[in-house]
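Here's the structure we're looking at; comments come further down.
The values are calculated or read from the model by the stated rules, or taken from the named source; none is laboratory data. Computed from a predicted structure; not experimentally measured. We place every Cβ from the backbone using ideal geometry, glycine too, and count neighbours over all the protein chains shown.
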Amino acid sequence: MLEVEQLRFRWETMAMCFDLTVPTGECLAVVGPSGAGKSTLLELIAGFTTPLSGAVRVDGRDITQLAPARRPLTTVFQEHNVFPHLDVRANVGLGIHPGLKLDAADRRRIDEALQKVGLAGLEARLPGQLSGGQRQRVALARALVRRQSLLLLDEPFAALGPALRHEMLALIQALQQGENLTVVLVSHHPDDARRIARYTAFVDEGEVRALGATAEILSGEDLPTLRAYLGSNP
């Protein structure tokens, strides 16, 4: 379970304060207008940004003061997920050891992860020889070999076309269910939430304004700012 409690941060003139809970093994989509604080929320959870106060807990353990590398989570971003000079196997292996000191068991873990994301047979290719979707699959394989229970996704498929994005969302859903991952997905597309997230949080002006079942939240019935974001009529 992921718990974010009174997590405060200030960006220029915007005071942010986040509260949310994601049950173990569930997927939460985070939606909202540009500049609302969605990516900042993920950065605070991951430890890339330091909060002014508040707490982040994973499975009851307070991780607020831990360095990013020591947190029981992994993050996949929209860009900079792979190193162009390393082949697929090495890029995935970085998730196990940053110096690529890998033994036979580690190599088996890499092969298993590549199999799960549909990249078996492409181990020796460089990122420049892969499609955009395949490069993101490499990043997902690297997340899998880290064997962390919490996966944070910050617009990882925004640069992909609709058909490929839907394919990647289906892969995320399969991995989430197969590995019992707790997933937090930031997206500008409410349809992404409808496709794979049981729960959705609407973030606006640095706060979680609404949190609940995806169908209920995306109906936009009770919150004018959410209706405006969705383009719904009052």
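Residues that are of a type in the set (K, R) and not assigned by TED's automatic domain parsing to the domain that holds V183: does segment 72-92 have at least one? Yes, that holds for at least one residue.
Would you confirm whether any residue within segment 181-191 is among the charged types (D, E, K, R), without any contact (Cβ under 8 Å) to a residue 40 or more places away in the chain and under 25 Å from L102 (Cβ atoms)? So that I can check it myself, show each step before the final result.
Pass one, segment 181-191, residues among the charged types (D, E, K, R): 191.
Narrowing further to those that are without any contact (Cβ under 8 Å) to a residue 40 or more places away in the chain: 191.
When the remaining residues are screened for being under 25 Å from L102 (Cβ atoms), the result is none.
Scanning segment 181-191, I find no residue that is among the charged types (D, E, K, R), without any contact (Cβ under 8 Å) to a residue 40 or more places away in the chain and under 25 Å from L102 (Cβ atoms), so the answer is no.
For segment 7-22, check the following and say yes or no: at least one residue is in a loop (DSSP other than H, G, I, E, B), of a type in the set (S, T, Y) and within 20 Å of the chain's Cα centre (by Cα). No, the conditions are met nowhere in segment 7-22. None of G54, G95 is in contact (Cβ under 8 Å) with a residue 40 or more places away in the chain and assigned by TED's automatic domain parsing to the domain that holds L175 except G54.
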